[in-house]
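Working notes, beginning with the structure itself.
Readers should treat all values here as calculations from the given coordinates under stated rules, not as data from a laboratory. Bear in mind the structure is a predicted one, so any value in this text is a computation, not a measurement. Positions of Cβ are backbone-derived with ideal geometry, glycine not excepted, and every protein chain shown enters the neighbour counts.
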């Protein structure tokens, strides 16, 4: 029998797909990613990440792809009318040499307009003068020197747990912020002396006998990301900062990745000619059973005390948004600052919109309504929209 009000990931997925499919397709991989039982993960995680997924549509899409002749891929962002799941589209836009190209372009535009992009600095603390409505921010350079800046507004994508601890006066929600948890992540990149290994961008590894959770094929993203005649596979390992996997020497991690890539049958160890390890702390905000209350408390506290402090992005909001949604929160924040009021509630980004894994007409509706933009606005903006609509109708 379905559980009326599911509270954890296990209950939510079981309600949607049944216990058998949960155990086959969701349990092992999810627990590998998060390092915790599916019974400890909030149902919010499932509701956000696989909201609206139609299993029947997904299966039919896979069968069509396997049995029917290849069709010319549709352009990025389109949805066919025959029930193709948007997350299974065959093509989309991707930077030739990786997503870093976007940030390099953004930096050039900022500098062209007279702005500064400062690197090699660590945020230490910031204080707010309520009388002057002014922030003072202190950072440390790599050479040990300190720099101080002042600002009317601060936009932060830093992990909210660390940010809150460095604000003065100290927010009363500090203990709630400290309770927020993160899942860390490392990639072992293997250079392989073969050009065409498999066409997929990612392969998800459910097998509990290996530690690797996902294998990324960078050549499938863009051939320009690797040398001619070569491939680069990124073996992704989910861990906690400071655990045995995170602290393992690079040589041990490379050896582990080579053994496991051979065990799962993608390439032989002898095909690997070079490798490196990249660690990414706080890659994933954890949706445990207390995260919602903690985030709400921190948000209410900071918005009340510091109206010119703006939290954006995945870590800044402790919200597992996709990259496009994370960028949208920052762009809408900029609009709010320019307008002098919070016209857009950025916390609704990817909250009320249809998610990209919805199948059939749901995906079409999401595209038509520009799913990345939150559909809810402040009451004041809603009143303006209503007034404008009335004026148009009268005309």
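Hey, what did the range 182-285 get for relative contact order, percent, Cα under 8 Å, at least 6 apart?
With pairs under 8 Å counted, the relative contact order is 44 percent.
Projected onto their three principal axes, the Cα atoms of the range 9-50 cover extents of 23, 20, 15 Å, largest first.
Hey, fewest Cβ within 10 Å first, where do 134, 118 land in order?
With the fewest neighbours first, 134, 118 line up as 118, 134.
If R0 is taken as 30 Å, the Cβ-Cβ distance between residue 4 and residue 243 corresponds to a FRET efficiency of 0.20.
With r as the distance between the Cβ atoms of residue 276 and residue 37 and R0 = 56 Å, compute the FRET efficiency 1/(1 + (r/R0)^6) and round to 0.05. Between residue 37 and residue 276 the formula returns 0.95. Working from label points 7 Å from Cα in the Cα-to-Cβ sense, the residue 255 to residue 105 distance is 4.4 nm. Largest first and in whole Å, what are the equivalent-ellipsoid semi-axes of the range 106-223 based on the Cα gyration tensor, each being the root of 5 times an eigenvalue? Value: 40, 23, 13 Å, ordered largest first.
Roughly speaking, what is the stretch gain from residue 149 to residue 137, that is 0.36 nm per residue apart minus the C-alpha to C-alpha distance, in nm to one decimal?
Details: separation 12, 0.36 × 12 = 4.32 nm, distance 0.51 nm.
Here the answer is 3.8 nm.
Ranking of 175, 332 by neighbouring Cβ atoms within 10 Å, starting from the fewest: 175, 332.
Could you tell me how many cubic angstrom of Cα convex hull volume the range 182-285 has per residue?
Normalising the Cα hull of the range 182-285 by residue number yields 99 Å³.
Measuring r between the beta carbons of residue 230 and residue 290 and using R0 = 41 Å, the FRET efficiency lands at 0.35. Peptides 178-186, 309-317, 102-110 ranked from most to least packed, by the mean per-residue count of other Cβ atoms within 10 Å: 309-317, 178-186, 102-110. Ranking of 349, 215, 286 by neighbouring Cβ atoms within 10 Å, starting from the fewest: 286, 215, 349. If the segment from residue 124 to residue 343 were pulled out straight at 0.36 nm per residue, it would be longer than the present Cα-Cα gap by 75.8 nm.
Global size of the range 236-342: 20.2, 60 Å for Rg and Dmax (C-alpha atoms, Rg to one decimal, Dmax whole).
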